[in-house]
Amino acid sequence: AAAVPVDGLAEGVPNYNFQFRNECGFASPVLVLELVRDVTPPVIDFVQLNNGLPASVSRTVALAVAAHDDIATTLEMRIALCTVDGNGAFLCAPDIDEAAWEPYTFTRSVTFDDAQGAKGVRIQVRDLNDNRTEIFEAQVDFDSTPPADVKLSVDDVQIGDQGGVIHTSLPLVTVTGIGIAEMKIGTAAGLAGAAWQPFQTAFRFEFAPPDG
């Protein structure tokens with residue numbers, strides 16, 4: 001059988017019509033052939049870890065990968081779990097090029113190693129014609145250790161478990177500690193109604209009258 005090139009084959013799923021005839025001019029019926037040409041990789045819309053929150057107290061977090069393809073109905077993906085160093089480099093074991101392909105899913109859970117610090121994923125998606133996306137990355141901070149060595153002073157008076165005495169309604173509050181990112185301030189029991197705010201090492205807090 002001879003091979004005949006089909007020029008101008010557009011991407012997508014077009015129908016191509018063929019007809020043949022012999023030397024005497026007798027023609028065959030028109031044959032319709034559906035040919036699929038797909039040379040465009042899928043599109044990754046976004047990759048998200050931990051529902052978009054920057055930090056997690058658990059090393060197991062949600063992973064969402066939104067991807068689509070205009071032609072292919074079946075996609076595959078591969079995932080590399082990584083540690084992110086101080087320069088922002090993703091150190092993965094195994095690397096993305098060695099990770100196994102698996103069926104694409106929009107959401108799943110991933111579990112990192114138990115070392116504290118910045119973690120990340122590298123993601124790639126392909127269709128069954130092996131058209132591959134670029135590699136996408138996302139990261140999250142894993143921190144399961146509460147702040148430590150927290151010390152509080154008010155107008156240079158160290159506040160211990162028994163409290164202390166202040167002499168103004170607007171004292172200077174100084175806080176030190178390890179691993180503090182946010183804080184709550186208030187006078188209600190259990191800090192009811194108090195909102196988290198960025199950590200400050202020094203600030204003034206107004207105590208409402210009367211004394212007591």
Loop-located chymotrypsin sites (Phe, Trp or Tyr not before Pro) in region 68-149 whose Cβ has at most 15 other Cβ within 10 Å (DSSP): Trp101, Phe106
Using θ = phi - 60° and the Karplus relation 6.51 cos²θ - 1.76 cosθ + 1.60, list the HN-Hα couplings for region 40-55 in order, rounded to whole Hz, with x at every Gly or Pro. 9, x, x, 10, 8, 7, 6, 10, 9, 10, 6, 6, x, 6, x, 9
Quick one: if you stick a label point 7 Å off each Cα along the C-beta vector at Gln197 and Thr60, how many nm between them? 3.7
For region 19-76, which chymotrypsin sites (Phe, Trp or Tyr not before Pro) pass both filters: DSSP loop (anything but H, G, I, E, B) and at most 15 other C-beta atoms within 10 Å? Phe20, Phe26
What residues qualify as long-range amide H neighbours of Ala138, i.e. H under 5 Å apart, gap of 5 or more or another chain, H built at 1.01 Å from N? Val121
Starting from the amide H of Met183, placed 1.01 Å from N in the peptide plane, find each other amide H under 5 Å away whose residue is 5 or more places distant or on another chain. Gln197, Phe199
Using label points projected 7 Å from each Cα along Cα→Cβ, tell me how many nm separate Asp95 and Glu182, to one decimal. 3.8
Taking amide H positions as placed in the peptide plane 1.01 Å from N, state which residues far from Phe205 in sequence (5 or more) or on other chains have amide H under 5 Å from it. Val173
Return the sequence-ordered ³J(HN,Hα) values of region 68-79 in whole Hz as given by the Karplus equation 6.51 cos²θ - 1.76 cosθ + 1.60 applied to θ = phi - 60°, using x for Gly and Pro. 8, 9, 6, 10, 6, 9, 10, 10, 10, 9, 9, 10
Taking θ as phi - 60°, what are the ³J(HN,Hα) couplings along region 121-132 by the Karplus curve (6.51, -1.76, 1.60), each to the nearest whole Hz, with x for Gly and Pro? 10, 10, 10, 9, 10, 9, 9, 6, 8, 6, 7, 10
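Bear in mind these aren't lab numbers, they're just calculated from the coordinates by the rules spelled out. Small disclaimer: the values here were computed from a predicted structure and weren't measured. Note: ideal-geometry Cβ built from the backbone for every residue, glycine included; neighbour counts use all protein chains shown.
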